[in-house]
Amino acid sequence: MASSAGLALCGQALVVRGGSRFLATTTASSDDDSLFTYDCSAAEKKSQENKGEDGQPVEKASDTILASTFSKSGSYFALTDDSKRLILFRTKPWQCLSVRTVVRRCTALTFTASEEKVLVADKSGDVYSFSVLEPHGCGKLELGHLSMLLDVAVSPDDRYVLTADRDEKIRVSWALAPHNIESFCLGHTEFVSRIFVVPDHPELLLSSSGDCTLRLWDYRRGQELHCCHLTSLQEPAGPWSDKRFAASRISYWSRDSCVALLCDSVPVVYVFHLDAPRRQLVYRQQLSFQHRVWDVAFEESQGLWVLQDCREAPLVLYGPVDGQWQPVPENAAGKKVCAHLRGNWAMLEGSAGVDDVFSSLYKATFDNVTTYLKKKEERLQQQLRKKRHKNPSPGPNGQAKKVKSGEAS
């Protein structure tokens, strides 16, 4: 899977990544104009860097950042890149703590709620844990699937590890004994692209899939509570109305129990309200954009930040006005961050040409029934012609016509 530009927020700490680089700053409106940048291509080189933890050589690859995340408190930040490295940072102040190798290229990662471990999910279906307290320690295999993992999450109490794979499954495992499975959340008909445990309703899980649905679960019981079909929310005249798409980001705003859903390669953001007492999702609004949207993230104090493919305004802020989300004009924090992004636009240019991230994950369909029926019809017609040739039709007196040898030839 390719990787486009990404956005990560925790409190007022903001990270924008693109290609092999990221920059970290703050959304505070104060005079704090600090900026931290990091390039994975210049990451620390180690003697064992050319080998993964399985002892096999690591093939030469780019240093593109594949996934990144903050810890719950924002004290730590971690990323994985295309060179099979896990890089851990301290954020107060920003400092690189370690560069460790992983077995396979990673698709997602998350910190435990205690911030003692980083869980890394990879393309082979395995989840490894890496210590935060011992930043140079090796990884430990925690659990495995039979298919590619696309996302990983933990419950707010660290009791459960939730994993989503390409084969339509969401698995809920015990964190202390991952071989014990609490439940499966089954119902999606395509790969599960994203999962998100609702922080202020820890029994609820949101999931998105290539089947164009957003679903709400009681994940401990494996029970589906609500399903929203995104295709029914699209405008029929839209240029992407007949296109398959999957969500690339689920973001949550606890102030108003608001859910923002960004779909890959579709320049819209769907906004829902989570009605937790009734266990349902209520569709509120569709935000449309002229440029491709790379990522979205809520900031509790301000609203929804949108990262888009627009050099003049790469980062825009949306806030609620009379129940509707609208752009916030003249935002000082947004201007400051946009100035940083314009000065580092080369970091984001490579993401402009990245196509649909999930296009290769859809099930391949083969229509061999039509071909079979066509060949069957041809065989029947051929048999019928042979039968007519062996048994010619009778003449006017009820006797079969005798065909002369010349005519037969």
field: Nearest-ten-degree value, helix 332-343 long axis tilted from longest Cα axis of the chain
entry: 70
message: Give me the one-decimal nm value for the distance between modelled label points at Asp275 and Asp39, 7 Å along each residue's Cα-to-Cβ direction.
response: 5.3
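If Lys and Arg each add +1 and Asp and Glu each add -1, what is the summed charge of the other residues whose beta carbon sits under 13 Å from the beta carbon of Glu116?
Values: positive: Lys72, Lys117, Lys140; negative: Glu115, Glu134, Asp158.
Net of charged neighbours comes to 0.
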- request: Determine the order of His340, His136 by accessible area, beginning with the largest, at a probe radius of 1.4 Å.
  value: His136, His340
query: Is there a pair in Lys72/Lys336; Lys84/Lys363; Lys140/Lys336; Lys92/Lys336 whose C-alpha atoms are over 32 Å apart, and which pairs would that be?
result: Lys140/Lys336
query: Assuming R0 = 25 Å, what is the FRET efficiency of Asp200 and Gln324, from their Cβ-Cβ distance, to the nearest 0.05?
result: 0.60
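Can you give me the accessible area per residue for the chain, using a 1.4 Å probe, in Å²? Kindly include the intermediate steps, with their values, before the conclusion.
On the way: 20170 Å² over 409 residues.
Ligands and nucleic acids excluded, the figure is 49 Å² per residue.
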query: In a GNM of the chain with a 10 Å cut-off on Cα contacts, which of Ser173, Ser232, Ser183 has the highest mean-square fluctuation?
result: Ser232
query: Using a Gaussian network for the chain with springs between C-alpha atoms less than 10 Å apart, which of these wobbles most: Gln223, Gln381, Gln326?
result: Gln381
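With charges set only on the Cβ (+1 for Lys and Arg, -1 for Asp and Glu), what does the dipole of region 142-214 come to about its Cα centre, in debye to the nearest 20?
100
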- request: Please compute the Cα-Cα pair-distance distribution of region 104-160 with 10 Å bins starting at 0, giving whole percents from short to long.
  value: 26, 55, 19, 0
- prompt: If you take the charge dipole of the chain about its Cα centre, with +1 on Lys and Arg Cβ and -1 on Asp and Glu Cβ, which of Leu162, Phe70, Asn331 is farthest toward its positive end?
  reply: Leu162
message: Charges at C-beta only: +1 for Lys and Arg, -1 for Asp and Glu. How large is the resulting dipole of region 303-344 about its Cα centre, in Debye rounded to 20?
response: 220
- request: Decide, for region 161-220, between rounded, prolate and oblate: order the square roots of the alpha carbon gyration tensor eigenvalues as a ≥ b ≥ c, take rounded if a/c falls under 1.5, and otherwise choose prolate if a/b is larger than b/c, else oblate.
  value: oblate
message: Under a crude label model (7 Å from the Cα following the beta-carbon direction), how far is Ser301 from Glu134 in nanometres?
response: 3.8
field: Size of charge dipole - the chain - debye, nearest 20, with Cβ of Lys, Arg +1 and Asp, Glu -1, no other charges
entry: 2800
- request: Determine how large the accessible area of Ile181 is when every protein chain is in place; take a 1.4 Å probe and give Å² rounded to the nearest 10.
  value: 80
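Can you check what the net charge comes to around Leu274, using other residues whose Cβ is under 14 Å from the Cβ of Leu274 (Lys, Arg +1; Asp, Glu -1)? List each step's numbers first, then the result.
On the way: positive: Arg215, Arg255, Arg278, Arg279, Arg284; negative: Asp200, Glu203, Asp218, Asp256, Asp275.
Charge balance in the 14 Å sphere: 0.
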query: In nm, to one decimal, how far is the Ser114 label point from the Lys390 one, both placed 7 Å along Cα→Cβ?
result: 8.1
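How do Met148, Met347 rank by accessible surface area computed with a 1.4 Å probe, from largest to smallest? Mind showing how you got there, number by number?
Numbers: Met148 35, Met347 10 Å².
Per-residue accessible area, sorted high to low, gives Met148, Met347.
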statement: With 0.36 nm assigned to each residue of separation and the Cα-Cα distance removed, Leu186 to Ser75 gains 36.5 nm
- prompt: So how tilted is helix 368-390 from the main axis of the chain? Cα-based, degrees 0 to 90, rounded to 10.
  reply: 10
query: Roughly how much of Asp151 is accessible, in Å² to the nearest 10, using a 1.4 Å probe?
result: 20
statement: For Asp126, Asp32, the accessible-area ranking with a 1.4 Å probe, largest leading, is Asp32, Asp126
field: Positive dipole terminus of the chain, leading residue within Phe130, Pro93, Gly222 (C-beta point charges)
entry: Gly222
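The values are calculated or read from the model by the stated rules, or taken from the named source; none is laboratory data. It should be emphasised that the depicted structure is a prediction, and the values quoted were computed from it without experimental measurement. Ideal geometry is used to build each Cβ from the backbone, glycine not excepted, and the neighbour counts take in all protein chains shown. Please note that ligands, DNA and RNA were not included when accessible areas were found on the heavy atoms of the full protein model with its side chains. Shrake-Rupley method; radii C 1.70, N 1.55, O 1.52, S 1.80 Å.
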